[in-house]
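Below you'll find the structure, written out as structure tokens, and then a few comments.
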Amino acid sequence: MKIGIVCYPTFGGSGIVATQLGMEMAALGNEAHFISYSIPAKLDVTLPNIYFHQVCVKQYPLFEYQPFSLALSTIIVNIAETYGLDLLHVHYAIPHAYAAYFAKQILKEKGIELPVITTLHGTDITLVGSHPIYKSGVEFSINKSDYITSVSQSLKQDTYEAFIIKKDIEVIPNFIDNSIKISSPCVRRNFVAEDEKLMIHVSNLRKVKRIDDVMSIFNLVQKEVKSKLLIVGEGPETETVEHLTQVYHVEDKIKMLGKIVDVSSILSIADLFLLPSEQESFGLAALEAMSCGIPVISSNAGGITEVNKDGFSGFVSPVGDVHSMAKNAIRLLKDEKMLSLFKKQAKEQALLFDNSKIIPIYKELYDKALNNN
Ligand code: GMT
């Protein structure tokens, strides 16, 4: 099978999922053609059956904004013709589903049928897509996809509430490779002393992640339990971290590590993962933590509760309830027996989302798309 994959190349969850899925399909002997404006962060282009095609947008003095969607549609058409793509899978509706629709129409004129699958990831629906400046275009292009999937039940509901969608949306949860997660005591010792606990937050540090809550939870916890906090990722809320670090006088207890490619290497040295997000269609970062055996202290936003099971893989509190989240963190960190039980259970929960369970569901969808074409 020759699969075209359109995704964002950043460390955001949608790009990571698209990349992982494409690489898994390539490993099964299919051709995976990645189409993006730069090489996806985790894509290994040295592997067999992997192709990368860059969307180049020409600068022209007339344009204040470059016509990215047009360039994307055009390259999809070119790749589909040159390599004989069997199907196109776009991750994140904006503007990928829109560009896919136009590519499909152009190809149809040439007598080529290209089935399109759109996977909705979250902010393409909840935050950006339902905004009036994009809404009708997003709604139209989602409806024009041959197959629509969403990464959680919660996102499926949000999509039906935000738009008039005339097709079925299949929920295919995100997945994780649960093998080889090595926790290194030596690396841990670089960050905490023997008698200290380590909390971690990983995100793109955007407003929606409620970074001020991460800081506030940590501040409450460190008053009760000797502990430190690692923040992984980059984004606009970096200043909030810097500001609140000074306000709480925790300069010696917080470290920002920036972007890390192999995030599991750092997740596996931590004791707790903090995810107090305002919105989260799934919470891939929480699943990555759980896969490393790290319990999650989270909010109950969107699809997080489908991933983090309250009282099992961690604890769940209402969005913004930092006192409840801090109380739960303190409870776990103070009780070694409970903490090690939750670490075990977090891993158990992550196994429900193992590659081996979810990739075949996508494979089945791809087969259906091909056979119905
Ligand atoms: O805003 C982000 O967190 C990035 C965004 C993305 O598209 O990369 O993440 C969304 O998709 C991820 C993968 O499906 C989900 O795990 C995240 O929960 C979702 N983010 C939000 O809904 C805010």
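The values are calculated or read from the model by the stated rules, or taken from the named source; none is laboratory data. Given the structure is predicted, the values throughout are model-derived calculations rather than measurements. All Cβ positions, glycine included, derive from the backbone under ideal geometry; neighbour counts span all protein chains shown.
Can you go through Ala32, Ala27 and tell me which one is without any contact (Cβ under 8 Å) to a residue 60 or more places away in the chain, farther than 21 Å from Ile76 by Cα and more than 16 Å from the ligand (Cβ to nearest atom)?
On the way: Ala32 fails: farther than 21 Å from Ile76 by Cα.
Only one candidate qualifies: Ala27.
Scan (1) of a type in the set (D, E, K, R); (2) part of a loop (DSSP other than H, G, I, E, B); (3) closer than 21 Å to Ser69 by Cβ for the single condition Lys104 breaks and write down its number.
Condition not satisfied by Lys104: (2).
Among the residues of region 226-245, write down those that are more than 13 Å from the ligand (Cβ to nearest atom), buried (at least 17 other Cβ atoms within 10 Å of the Cβ) and not in a helix (DSSP H, G or I).
Ser227, Lys228, Leu229, Leu230, Ile231, Val232
List, please: which pairs have Cβ atoms under 6 Å, are six or more places apart or on different chains, and start with a residue in region 191-208 that is assigned by TED's automatic domain parsing to the domain that holds Glu224 and within 20 Å of Asp335 (Cβ to Cβ) and end with one that is within 16 Å of the ligand (Cβ to nearest atom) and outside any loop (DSSP other than H, G, I, E, B)?
Met199/Leu274; Ile200/Phe273
Hey, any hits in region 147-167 for a residue that's outside the structural domain of Lys209 (by TED's automatic domain parsing), among the acidic types (Asp, Glu) and either under 30 Å from Ile266 (Cβ atoms) or more than 16 Å from the ligand (Cβ to nearest atom) (or both)? Can you show your working first?
We begin by selecting, within region 147-167, every residue outside the structural domain of Lys209 (by TED's automatic domain parsing); these are 147-167.
From the residues that got through so far, the ones that are among the acidic types (Asp, Glu) too are 158, 161.
Next, only the ones that are either under 30 Å from Ile266 (Cβ atoms) or more than 16 Å from the ligand (Cβ to nearest atom) (or both) stay: none.
Looking for residues that are outside the structural domain of Lys209 (by TED's automatic domain parsing), among the acidic types (Asp, Glu) and either under 30 Å from Ile266 (Cβ atoms) or more than 16 Å from the ligand (Cβ to nearest atom) (or both), one finds none in region 147-167, hence no.
Here are the criteria: (1) away from the ligand (no atom under 16 Å from the Cβ); (2) within 25 Å of Ile359 (Cα to Cα); (3) surrounded by fewer than 23 Cβ atoms within 10 Å (Cβ to Cβ). Tell me which single one Thr10 does not satisfy.
(1)
For region 121-128, check the following and say yes or no: at least one residue is modelled with pLDDT of 95 or more, outside any strand (DSSP E or B) and hydroxyl-bearing (Ser, Thr, Tyr).
No, there is no match, as no residue in region 121-128 is modelled with pLDDT of 95 or more, outside any strand (DSSP E or B) and hydroxyl-bearing (Ser, Thr, Tyr).
Going by what's in this entry, would Asp44 be described as among the acidic types (Asp, Glu), more than 15 Å from the ligand (Cβ to nearest atom) and within 22 Å of the chain's Cα centre (by Cα)?
Details: among the acidic types (Asp, Glu): yes; more than 15 Å from the ligand (Cβ to nearest atom): yes; within 22 Å of the chain's Cα centre (by Cα): yes.
Spelling it out, Asp44 is indeed among the acidic types (Asp, Glu), more than 15 Å from the ligand (Cβ to nearest atom) and within 22 Å of the chain's Cα centre (by Cα).
What strands (runs of 3 or more DSSP E) lie completely within region 1-57 and have 3 or more residues being of a type in the set (Val, Ile, Thr)? I'd like the intermediate steps shown before the answer.
On the way: elements: 2-6, 31-36, 50-54.
So the answer is 2-6.
Which members of region 321-345 meet the condition of being small (Gly, Ala, Ser) and surrounded by 15 or more Cβ atoms within 10 Å (Cβ to Cβ)?
Initial filter on region 321-345 (small (Gly, Ala, Ser)): 324, 326, 329, 340.
Across region 321-345, the qualifying residues are Ser324, Ala326, Ala329.
Grab the helices (runs of 4 or more DSSP H) fully contained in region 255-373, keeping just those with 2 or more residues being aromatic (Phe, Trp, Tyr), in contact with a helix residue (DSSP H, G or I) (Cβ under 9 Å, 6 or more places away or on another chain) and modelled with pLDDT of 95 or more. Walk me through it before giving the result.
Values: elements: 263-267, 284-291, 304-307, 322-334, 336-351, 355-371.
Helices (runs of 4 or more DSSP H) meeting the threshold: 355-371.
Name, by its number, the condition in (1) at pLDDT 95 or above; (2) away from the ligand (no atom under 16 Å from the Cβ) that does not hold for Ile94.
Condition not satisfied by Ile94: (2).
Checking the condition more than 21 Å from Arg206 (Cα to Cα), within 15 Å of the ligand (Cβ to nearest atom) and either touching a residue at least 40 places away in the same chain (Cβ under 8 Å) or among the charged types (D, E, K, R) (or both), which residue from Glu306, Glu288 passes? Even if it seems obvious, please write down each step before you answer.
Working: Glu288 fails: more than 21 Å from Arg206 (Cα to Cα).
Step by step, each of Glu306, Glu288 is checked, and only Glu306 is more than 21 Å from Arg206 (Cα to Cα), within 15 Å of the ligand (Cβ to nearest atom) and either touching a residue at least 40 places away in the same chain (Cβ under 8 Å) or among the charged types (D, E, K, R) (or both).
Please state which of the following conditions Glu348 fails to meet, knowing it meets all the rest: (1) in contact (Cβ under 8 Å) with a residue 40 or more places away in the chain; (2) within 19 Å of Asn178 (Cα to Cα); (3) surrounded by fewer than 22 Cβ atoms within 10 Å (Cβ to Cβ).
Condition not satisfied by Glu348: (1).
Let me spell it out: the conditions are (1) touching a helix residue (DSSP H, G or I) at 6+ places or on another chain (Cβ under 6 Å); (2) closer than 29 Å to Leu43 by Cα, and Glu234 meets all of them except one. Which number is the exception?
Result: Glu234 fails condition (1) only.
Can you find, within region 198-212, the residue that is nearest to the ligand (Cβ to nearest atom) among those that are in a helix (DSSP H, G or I) and charged (D, E, K, R)?
Of the residues in region 198-212, the ones in a helix (DSSP H, G or I) are 207-209, 211-212.
Those still in the list that are charged (D, E, K, R) too: 207, 209, 212.
Numbers: Lys207: 10, Lys209: 7, Asp212: 16 Å.
Per the stated criteria, the residue is Lys209.
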